[in-house]
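First up is the structure itself, then whatever we jot down about it.
Since every read-out is calculated from the coordinates, none of them should be taken as a lab result. Predicted model, so just to flag it, every value in this text is computed and none were measured. Counting neighbours? That spans all protein chains shown, and the Cβs are built from the backbone with ideal geometry, glycine included.
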Amino acid sequence: MAGTWGVGELVFDGDVLVPSDLPHPRPEGFGGLSPAGSPDRLAERLRSYFEGERDTFEDVVIDLDGATDFQRTVTAALRAVPYGETVTYGELAALAGHPGAQRATGTFCARNRFGVIVPCHRVVAADGLGSYGSLGVSYKQRLLELENAAL
């Protein structure tokens, strides 16, 4: 099942996960392993997540250098949204201490470079699913279904 999600890239600076490209369609014949043939621990955890295993990824240190205070508080609030649960953009803004900043929160989610680790798929519009950037709504819906989130 993990192979149907696409492929992405994990980039580290020491032990800190730094921004990289979002997943993209899986190339023909790709076996899913790193070029060296042995994925690192986070890659294994992500593979397990995409196979249905619960993981909060809360221990994964991400690079927030250059992030504004707003971005840092939204990141922290979003990482606290439990697996399998959703919040609206307005609720996330309030949880981050910025009530009324739902549009800015939506912009933050649209630019999120740490998919699954900073789980923007758990943020929905007040009137429905909402968008999910270049990966599209169907990818977001699959992530929420994987987590058995009520839609």
(request) Go through the range 128-144 residue by residue and turn each phi into a ³J(HN,Hα) via Karplus (6.51, -1.76, 1.60, θ = phi - 60°); whole Hz please, and just put x for glycine and proline. (result) x, 5, x, 9, 8, x, 5, 6, x, 5, 5, 5, 4, 4, 4, 4, 5
(request) Give me the compactness ratio for the range 73-151, meaning the Cα radius of gyration over 2.2 N^0.38 Å. (result) 0.96
(request) Please list, in chain and number order, the residues 5+ apart from THR88 or on another chain whose amide H is under 5 Å from its amide H, with Hs placed from the backbone. (result) VAL124
(request) List the trypsin sites (Lys or Arg not before Pro) within the range 52-83 that fall in a DSSP loop (any state other than H, G, I, E or B) and whose Cβ has at most 15 other Cβ atoms within 10 Å. (result) ARG54
(request) Would you work out the charge dipole size for the range 72-151 about its Cα centre, treating the Cβ of every Lys and Arg as +1 and the Cβ of every Asp and Glu as -1, and quote it to the nearest 20 debye? (result) 360 debye
(request) Mind jotting down the distance between the C-alpha centroids of the range 89-107 and the range 70-85, whole Å? (result) 11 Å
(request) Mind checking the full-extension length gain between LEU64 and ALA125? Use 0.36 nm per residue of separation minus the Cα-Cα distance, one decimal, nm. (result) 19.4 nm
